[in-house]
Structure formats: C-alpha cells, structure tokens
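The values are calculated or read from the model by the stated rules, or taken from the named source; none is laboratory data. All values reported here derive from a predicted model rather than from experimental measurement. When we count neighbours, we look across all protein chains shown, and the Cβ atoms used for this are built from the backbone with ideal geometry, even at glycine. Quick note on the areas: whole protein, heavy atoms, side chains included, nothing else; ligands and nucleic acids left out. Shrake-Rupley method; radii C 1.70, N 1.55, O 1.52, S 1.80 Å.
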Amino acid sequence: MKEKADSVVKLPRANRRALRFTSALAVALGVALAGLVVMLAYRFGLSWEIPVGGMQGVSERTRDVLANTQGAIKISCLMDRRDPMYRPVVRLMKGIRTAARGVAGAEIKLEFVDPRWDLMRAGQLAAYGVAPPALLFERQHRRIAVTVDEMMTVTPGGDEGDDRGRGVGVFRGEMVCASAIARLALPTDRPVVYWLQGHGEARHDDYDALRGFSDIAREMTRDGYDIRPLALAGQRQMPEDCRVLMVAGAVRVLAAEECDLIRAFLQRGGRMLYMAVPRHPSGLEPLLEQWGVRVTPFVAASRKTLSGQDVVVSAFADHASMHNLRNASVVFGNAACLEAVAAAEGEGGVDRPQVTLLAMTDEDGWGERGPDAQKGELTGPVALAAAAERGGGVAPDVAYNPTRIGVIGEAGFVANGALTVRANANRDFFMNVLAWLAGIDVGTASSLGGDAVLVTGFTRDEWTALLAWSAGGVPLLLLVLMAGAARIFRW
C-alpha cells in the first residue's frame with residue numbers, strides 16, 4: 001500500500017521538470033500581461049472609477065447650465081497625464097458629460113490630449129493660444145480657454161515651493177467649467193461693466209490680499225463680463241456700450257455734473273450696482289432715494305456673527321437675483337443699513353420703481369450709529385441689500401429696456417480677503433445681483449456652492465505604482481506557493 005501511495009504522489013523526473021517549467025512560464029506570462037495592461041492603461045489614460053460613499057455628481061446649478069445650452073460643446077483637455085491635477089480634472093469632465101446626457105440640452109464631447117504623445121493636436125491647440133495644462137471649450141466657432149491654475153484657489157499658508165507653484169488649495173473646477181459653458185451660450189457680444197473711478201472707489205486691478213478686488217474682477221471676467229475703468233470727469237454722456245455701471249465704495253462726493261450723467265443714464269434704461277461705504281456719502285444718495293432706496297447712517301449689527309465684528313445674513317427675498325441661495329449665508333463686515341422708501345412724485349415715468357429688500361438680518365439684528373452709541377439705534381430686522389426696477393412689467397415683445405439698480409450696504413464683502421473664506425456665499429450673491437442687472441438669467445450663472453465633491457486619493461504615479469506592485473506581487477505569491485507545494489509533494 002505504501003508503494004502504491006508513493007507511486008501516486010511521485011512523478012517522473014521529466015514530468016516534474018516540465019511542470020516546473022510550465023508553471024514558471026505561466027507566471028512570467030501573467031506578470032508580462034499584467035504589466036502590459038498597466039502600461040496601456042497609463043498610455044491611453046484608461047481608468048475605472050469605484051463609487052465612494054461621500055462622492056457626488058455635479059451640482060443642480062451645473063445641470064441647469066447644461067439644460068439651457070443647446071448644441072454640441074467640445075472640451076479638449078490639454079494635460080500631461082502625470083500632472084497631479086489630471087485625475088480630478090478628468091473625473092469632472094466625465095461627470096459633466098454624464099450630466100449632459102441626462103438633460104435635454106448641451107451635448108458634451110471630450111478629448112484628452114497629452115502634449116508628450118499627441119504632438120500634432122497639441123500644436124493645433126497651441127495655435128489657439130492654449131498652453132498646458134488647460135481646457136479648451138468650443139461651441140460652433142467660439143472658443144474659451146481655461147487654465148488649470150484658474151480652477152484652483154490657493155489657500156493662505158500653502159506650500160508655494162512645489163514644482164508647479166500651485167500650493168495647497170481648493171479645487172473649484174466645476175464652477176469654472178460651468179461658467180465657461182454658460183458664456184458659450186451667451187450672445188457674441190460680452191456685457192461691458194464700467195467700473196467708476198476718481199472718487200476713492202475700490203479698484204478692480206488691486207491685488208492686495210485683503211483689500212484688493214482682483215479676485216472678484218477675475219470671477220467677472222470668467223463669467224463673460226468685459227470690465228473697463230471709467231472716469232466721468234469731462235465726459236458728456238455715459239458710454240453707449242455700458243451694460244452695468246459699477247460704483248464700488250466711493251468715499252468722495254461726485255460732482256454735480258457726474259451725478260447728472262448717471263441720472264440721465266438710468267432714465268434711459270441703464271443699470272447700476274452701487275456698493276456703499278458707511279458714513280462716507282458719495283453724492284448719489286439723493287438719486288438712489290428717488291429710485292426708492294435710502295442709504296441710512298446706521299451700520300448693521302447682529303448676534304448672528306462669526307467674529308463679533310461681522311454680520312451673517314441667511315434671509316433672502318423671493319427675487320430673480322436670489323435664486324439658488326437657499327441655505328446659504330453671506331457675511332458682511334461693515335455694511336450700511338438700507339430702507340425702501342416711496343419714490344419721488346413724477347419719478348418713474350410709465351411706472352414707479354419696484355423695490356425689493358434682498359438680504360435681511362434676523363429679528364435680533366439692528367442698526368447702530370457707531371460702536372459707542374447708546375441710543376438712536378435702528379430696530380431689526382434691517383436690510384443690507386436692495387434692488388429697484390422700473391419697467392419690469394412691460395411685455396417682452398415691446399422694445400423697452402427696464403431700469404435696474406442694485407444697492408449693497410458695503411463693498412468689502414467681496415474684497416480678496418473676504419472671498420478667501422470659502423464657507424460663505426459672498427461671491428454667489430454678488431454675481432447673482434450683477435447677472436440680474438446685466439439681464440442674464442441667473443439660472444445660467446455658475447455657483448461655488450454646488451461644486452462636486454472630488455475624491456482625488458493617490459496621484460497618478462502612486463496609483464500606477466500600486467497597480468504595478470499588485471500585478472507583480474500576486475503572481476510572485478502564486479509562484480512561491482507553487483514552489484512550496486512542489487517541495488512538499490516532491491513534484
């Protein structure tokens with residue numbers, strides 16, 4: 001019996017050698033095949049996404065943008081696949097394409113171009129002024145280029161010494177891409193915003209990290225606005241192409257002639273966004289009161305605050321400019337209180353201005369004349385933003401441009417320092433009001449609040465190393481197990 005058992009277990013020496021050879025060959029072929037698959041996936045950018053518990057798709061705001069955009073939009077992604085931002089950008093592009101398939105609107109076509117491999121196509125994109133890493137959005141004969149750096153907001157304290165100089169920041173790709181798609185859907189002429197200067201106003205080209213306004217100016221440019229400086233001194237009339245006049249924190253009084261130019265501009269159906277500076281009259285206060293909005297000498301205060309020096313506002317009016325701000329909060333630092341008043345007799349022409357108080361504090365808010373004032377306070381709730389419109393009820397088929405005015409109690413709530421705090425909706429609030437003034441459907445404006453949650457995980461090189469070790473480690477483990485089995489059973 002023992003000899004019979006040994007004859008069953010033991011194999012001829014030639015067979016054992018053949019078995020070992022074929023086993024080693026199978027393992028080698030498995031390693032080679034796995035390595036080839038990894039190389040091909042790396043070369044052609046293939047990926048397989050595994051859903052993660054907290055992972056979301058694109059926001060409802062982006063879906064609205066896609067639904068309101070007709071026709072095919074081609075997005076060319078010009079990036080090195082080794083770029084750390086390649087994975088989140090590709091995931092976002094695929095998410096936008098998937099969302100577009102679910103709405104009756106835009107058709108998204110994607111193209112991924114690696115400048116190391118696709119030299120011809122990279123050269124064509126370079127002829128359009130696109131330098132990697134960047135995205136090119138094309139619709140019909142219009143093109144908009146967005147750099148990857150524009151999709152990142154570097155936070156203070158980030159490492160500015162990395163190889164690309166981006167530092168540590170927040171990926172805001174969905175907001176920027178939705179804005180580019182929305183701009184492609186707009187008419188070919190860009191709405192011109194004239195930024196008033198000469199009276200101590202904030203400047204759109206001020207890059208100061210706290211008090212500058214370059215960040216909000218960049219957001220305006222991304223959303224398709226053409227910003228131009230304007231000095232009214234010596235002018236006979238407002239520029240004909242002025243879509244919106246921006247008065248951002250004037251601290252010196254405008255001349256009577258300048259006020260007359262603005263008054264005539266509004267009478268002709270002009271649009272103006274006025275951002276006040278508490279206790280610094282600009283000379284435009286009587287004009288605003290004629291249109292139904294009074295800038296009071298009170299400064300807003302509230303127990304609903306972040307630092308004790310600011311006011312958090314979460315109550316917004318049912319107004320076209322306040323869409324998509326539900327459950328959002330806007331933080332004002334030093335804002336003047338506003339009131340709605342009856343327009344002056346004879347002011348308004350065909351109808352009187354309709355005034356809406358856009359943003360209000362809660363019942364515990366109040367207005368005070370100064371930090372040390374003990375009396376003369378304004379009881380809450382108090383308004384910090386208002387909108388006035390004349391002629392909005394005219395039928396759409398009538399060639400009439402209604403006058404629109406937006407008034408906000410302060411300008412500093414969209415300064416660079418305020419926008420760094422990404423927990424608030426200051427940017428959205430400002431851009432919504434501006435879009436309403438410019439006559440752009442607020443539903444097509446981009447939004448920060450709904451940015452997709454992107455789980456980046458490892459970098460591309462780290463994932464490749466993990467796959468390579470997995471591809472080589474598993475066959476090696478099988479080889480060790482087979483070698484151990486061969487030694488035990490004497491194959």
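Here are the numbers:
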| item | result |
| --- | --- |
| Test set (1) open to solvent by 10 Å² or more (accessible area, probe 1.4 Å); (2) within 18 Å of Arg172 (Cβ to Cβ); (3) at pLDDT 85 or above - Ser59 fails condition number | (3) |
| Per-region count, region 365-415, residues of a type in the set (Asp, Glu), assigned to a loop (DSSP other than H, G, I, E, B) and at pLDDT 85 or above | 1 |
| Any chance Arg143 is modelled with pLDDT under 85 and open to solvent by 30 Å² or more (accessible area, probe 1.4 Å) | no |
| Members of region 112-122 that are more than 17 Å from Gly173 (Cα to Cα) and open to solvent by 40 Å² or more (accessible area, probe 1.4 Å) | Arg116, Trp117, Asp118, Leu119, Met120, Arg121 |
| Residue tally, condition touching a Lys or Arg at 6+ places or on another chain (Cβ under 9 Å) and more than 19 Å from Ile144 (Cα to Cα), over region 186-200 | 7 |
| Odd one out for Met322, checked against (1) touching a Leu at 6+ places or on another chain (Cβ under 8 Å); (2) over 19 Å from Ala387 (Cβ atoms) | (2) |
| Hits in region 197-238 - residues which are hydrophobic (A, V, I, L, M, F, W, C), more than 17 Å from Phe413 (Cα to Cα) and in contact with a helix residue (DSSP H, G or I) (Cβ under 9 Å, 6 or more places away or on another chain) | Ile227, Leu232, Ala233, Met238 |
| Of all residues making up region 73-83, the number that are open to solvent by 10 Å² or more (accessible area, probe 1.4 Å) and under 18 Å from Met39 (Cα atoms) | 3 |
| Selection from region 70-85 of residues that are within 13 Å of Glu138 (Cβ to Cβ) and touching a residue at least 60 places away in the same chain (Cβ under 8 Å) | Gly71, Ala72, Ile73, Lys74, Ile75, Ser76 |
| Flag if Ala344 is farther than 20 Å from Tyr274 by Cα, open to solvent by less than 50 Å² (accessible area, probe 1.4 Å), at pLDDT below 90 and not charged (D, E, K, R) | no |
| Where a residue in region 119-132 is over 15 Å from Arg143 (Cβ atoms) and its partner, wherever it lies, is open to solvent by less than 80 Å² (accessible area, probe 1.4 Å), with Cβ under 6 Å and at least six apart | Ala122/Val113; Ala122/Pro115; Pro132/Leu78; Pro132/Met79; Pro132/Pro115 |
| Residue among Ala99, Ala67 that alone is of a type in the set (Gly, Ala, Ser) and modelled with pLDDT under 85 | Ala67 |
| Any hit, region 130-140, residues being open to solvent by 50 Å² or more (accessible area, probe 1.4 Å), modelled with pLDDT under 85, over 30 Å from Ala209 (Cβ atoms) and of a type in the set (S, T, N, Q) | yes |
